[in-house]
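Note sheet for the following structure.
The values are calculated or read from the model by the stated rules, or taken from the named source; none is laboratory data. Just so we're clear, the structure is a prediction, and the values are computed from it rather than from any experiment. Because the Cβ atoms are built from the backbone with ideal geometry, glycine has one as well, and the counts that use them run over all protein chains shown.
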Amino acid sequence: MLTGTPCSALAGAPIPEVGGTPMHTVAPVVSRITPGVVGISVRGRVREDNPLFQDPVFRRFFNLQQQPIERETEAAGSGVIVDAVQGYVMTNSHVVENATNIEVTTKDNRRLKARLIGRDTETDIGVLQIPAAGLTAVPMGDSDRLQVGDFVLAVGNPFGLGQTVTSGIISALDRNGLGIEGYQDFIQTDASINPGNSGGPLVDMQGRIVGINTAIVAPTGANVGIGFAVPINVARQVMDQLISYGEIKRGRLGVAIQDLTPDIAQGLGTARTAVAVNGAPIHNGAELKNRVVMARIGDEIDLTVVRGSGERTVPVRIDQFTAQRQRVKQQR
């Protein structure tokens, strides 16, 4: 399990400077992070209904019963080495879905057989392990300290072309309501993310991972400059649980959550629409839910709540959420 606290410095940063002069290239940052970015090739098998059995006349004529058929699948994606000692690689859950064989290709063209440690469909995070010899890890930043406008780089293996770097900024934070089941608190970026980039890192100008690229808005099937990444602080918690337990044990408070709109706040006599969890401000009900479900079972968290004309901090213990999890449906 990876431990340690996130770096206290800002996750986002201006273009690095040399001797007080802004750099006109991000090549030094790229050269540090690309050895830790890998391509992922997946072979698997899926069971699906035979389309011929959808025809009732066909079924009646041949007096056959509906039987699923198996077919082999191949997929490609990206990943990032986050622990060079243990050989842990972070990627998207949907990249390694239905996998029977996973192969990781490093920047120096080594092909390594990977073992699936676990995957979580709710956050779309998967963890692999490869032989730990001569690996380079990319350090993780603190996604809670990102700001809209921070420069970022997206690295991955789009369309199977090989390692590719694109640049952009953080376009928005806390994005939800995207029609994707499960976790809903994405980083939005205009750094180009294309098919095959899934699972690759979104990094800041200091070469630290701030997100795992996972989805795009593609009404025409091509990138239109709107991509989404899972914040690294969330991905880190998911990875720690997958390594420790092989699954995610989600927490709950046992209370109903509703956004406190300005009108409702006025009716309750308060000017606050959200307060804090463990001292960190929250902005809406979705963010509170995400903080709770990602907390460890049995942990105690401090909720800052409004009572009357003032605020108070209430300690609460996290229980386990036992409802059946839904599956995330995403396109590679």
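In the set Ala215, Ala256, only one residue is loosely packed, with under 12 Cβ neighbours inside 10 Å and either modelled with pLDDT under 90 or over 16 Å from the mean Cα position of the chain (by Cα) (or both); that residue is Ala256. Of the residues making up region 97-116, those that are out of contact with any Leu (no Cβ under 6 Å at 6 or more places or on another chain) and in a loop (DSSP other than H, G, I, E, B) are Glu97, Asn98, Thr106, Lys107, Asp108, Asn109, Arg110. In this structure, is Ala172 within 16 Å of the chain's Cα centre (by Cα), hydrophobic (A, V, I, L, M, F, W, C) and surrounded by fewer than 21 Cβ atoms within 10 Å (Cβ to Cβ)? In short, yes. Quick check on Gly149: is it surrounded by fewer than 19 Cβ atoms within 10 Å (Cβ to Cβ), in the same structural domain as Ala191 (by TED's automatic domain parsing) and touching a strand residue (DSSP E or B) at 6+ places or on another chain (Cβ under 9 Å)? Yes: the conditions hold for Gly149.
Is it true that some residue in region 272-279 is closer than 28 Å to Ala235 by Cβ, loosely packed, with under 15 Cβ neighbours inside 10 Å and touching a residue at least 60 places away in the same chain (Cβ under 8 Å)? No: region 272-279 contains no residue that is closer than 28 Å to Ala235 by Cβ, loosely packed, with under 15 Cβ neighbours inside 10 Å and touching a residue at least 60 places away in the same chain (Cβ under 8 Å).
Residues in region 79-115 that are surrounded by fewer than 16 Cβ atoms within 10 Å (Cβ to Cβ) and closer than 8 Å to Leu128 by Cβ: Arg115 alone.
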